[in-house]
Amino acid sequence: MSTTTHSHLPSRHHHSDSPSGAGIAALAVLLGVIVAVLSFGVVVLVKVADDARDDANRAAAGAPAAETAAPATHDHASHAAAASIGGLTSFAGAAPENAADIAAAHTPYDAAMPAAPAGPVAQVHLTLKDMTVEIAPGVKYQSWSFDGTGAPGPVIHVRQGQTVHMTLTNGGTIPHSIDFHAARIAPNKAFKDVLPNQSFSFSFVANDPGVYMYHCGTKPVLAHIANGMYGAIVVEPVAKPLPKVDREYVLVSSEWYLNGDGLTAPAQLDMAKAHASLPDWVTWNGYAGQYVAHPLTADPGETVRFWVVAAGPSFDTDFHVVGTLLDRAWVNADVTSPPQQNVQTVSVPAGGGGVFDVKIDEPGLYPFVSHSFASVDLGQVGLLKVGKVEGTMSH
Ligand code: CU
Ligand code: CU
């Protein structure tokens, strides 16, 4: 079966003599406003944004002169960033004037772990759709993602030993497929391409507990993941249960590569930037900074478990919670081995997972990030709000 390559190569006709990182600064301002009570965080974010802007300016200053035509999309997009880095145009930090209002009105991806179905079989039905999603305040992207949630797809929660009966319906226009890292199964049979308007089912027994990535495995896989076809499946251990906790959240990291700022028209994939690992945005659960505007919550003294998947397509996530340590860390989501204890940062590789418990006694706002701070600057930061915290936005 042949597959269609849908790579949207960038038009490089962008003006490079205004290499301002205004958009990056705007993001920093937005985040800064939202976490205004978190003075340490504000300082860090603004400092990082400043550094990034300086880097972008330096890179742009050294870049060859581009065509003189100004990008057509710059009519009313007030803060569109267009710095040229290595000949590729970055739209990092692009934001409309009302970005803070949009962030506040945005309904965040529900990070709370859903219940696992009862009984021996978990029926999972994913429908792929071509859809426009928002990946940052006011930034639209033409994705290939999943009905119901967009990107990431729905969190799938099953119990060790359950049979997962998976059906993929292809509601898109090109072949797609679904690859479950939790499965031991012949990929040429189970993960095969499904043609548009077709459905395909396969089953596997979820014998290996942990948290795993699922994603479209159709070539070029880089493009299918970058366009939004990924998600997390939690296989809850039954043979050796994990310690009970009070709250459980699922976080999927991913990066986005845009061929435009996405403010006036939805951006599409810039395959050259994906190959260069030069993202415009890096997100938790598909939307930059969404848990800054809408923090995850816990009460003081509670233990919170984060099930983390790094979807990439290419970036690892160096998971870190500012203001505490990871009390328990099941590195690589190996929940059949004892956890590491009291560690600061744990790497989650692209295509991998990790399980992390934190018990926080003191009320406050605790950012969770990839400590690879370029990713924070591009949007991969959220807040865990412990207890009642005055002065933060809540919706
Ligand atoms: Cu696909
Ligand atoms: Cu994979």
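Bear in mind these aren't lab numbers, they're just calculated from the coordinates by the rules spelled out. This is a predicted model, so every value here is computed, not measured. Here the Cβ positions follow ideal geometry from the backbone for every residue, glycine too, while neighbour counts run over all protein chains shown.
Points worth noting:
- Extension gain, residue 244 back to residue 372 (0.36 nm per residue minus Cα-Cα distance, nm): 43.1 nm
- Projecting the Cα atoms of 185, 150, 165 onto the dipole axis of region 132-192, where Lys and Arg carry +1 and Asp and Glu carry -1 at the beta carbon, places 185 farthest toward the positive end.
- Take each peptide in 379-385, 277-283, count the other Cβ atoms within 10 Å of every residue, and average; sorted highest first, the result is 379-385, 277-283.
- Close amide H partners of residue 95, meaning residues 5 or more places away or on another chain with modelled amide H under 5 Å apart, are 79, 80, 81.
- Out of every Cα-Cα pair that region 280-386 contains, those further apart than 19 angstrom amount to 40 percent.
- Fewest-first ranking of 386, 158, using other Cβ atoms within 10 Å as the exposure measure: 158, 386
- Net lengthening on full extension, residue 189/residue 325 (0.36 nm per residue, minus Cα-Cα): 44.7 nm
- Cα lying deepest toward the dipole's positive end in region 239-395, options 372, 259, 347, charges on Cβ: 347
- Within region 209-340, all pairs of alpha-carbon atoms sorted by distance into 5 Å bins from zero give the percentages 2, 9, 16, 20, 18, 14, 10, 6, 4, 1, 0.
- For region 316-324, 3J(HN,Hα) per residue [Karplus equation, 6.51 cos²θ - 1.76 cosθ + 1.60, θ = phi - 60°, Hz, x = Gly/Pro]: 6, 10, 9, 6, 8, 10, 5, x, 7
- Near the amide H of residue 159, within less than 5 Å, lie the amide hydrogens of 236, all on another chain or at least 5 residues away, with H placed in the peptide plane.
- Environment charge at residue 208 (Cβ cut-off 11 Å; Lys +1, Arg +1, Asp -1, Glu -1): 0
- Each of 184, 247 has some number of other Cβ atoms within 10 Å of its Cβ, and from fewest to most they run 184, 247.
- Mean Cβ count within 10 Å, highest first, over the residues of peptides 263-274, 197-208: 263-274, 197-208
- Order of 233, 185, 156, 102 under a 10 Å beta carbon neighbour criterion, fewest first: 185, 102, 156, 233
- Computed FRET value (nearest 0.05) for residue 336 with residue 105, which takes r as the C-beta separation and R₀ as 51 Å: 0.75
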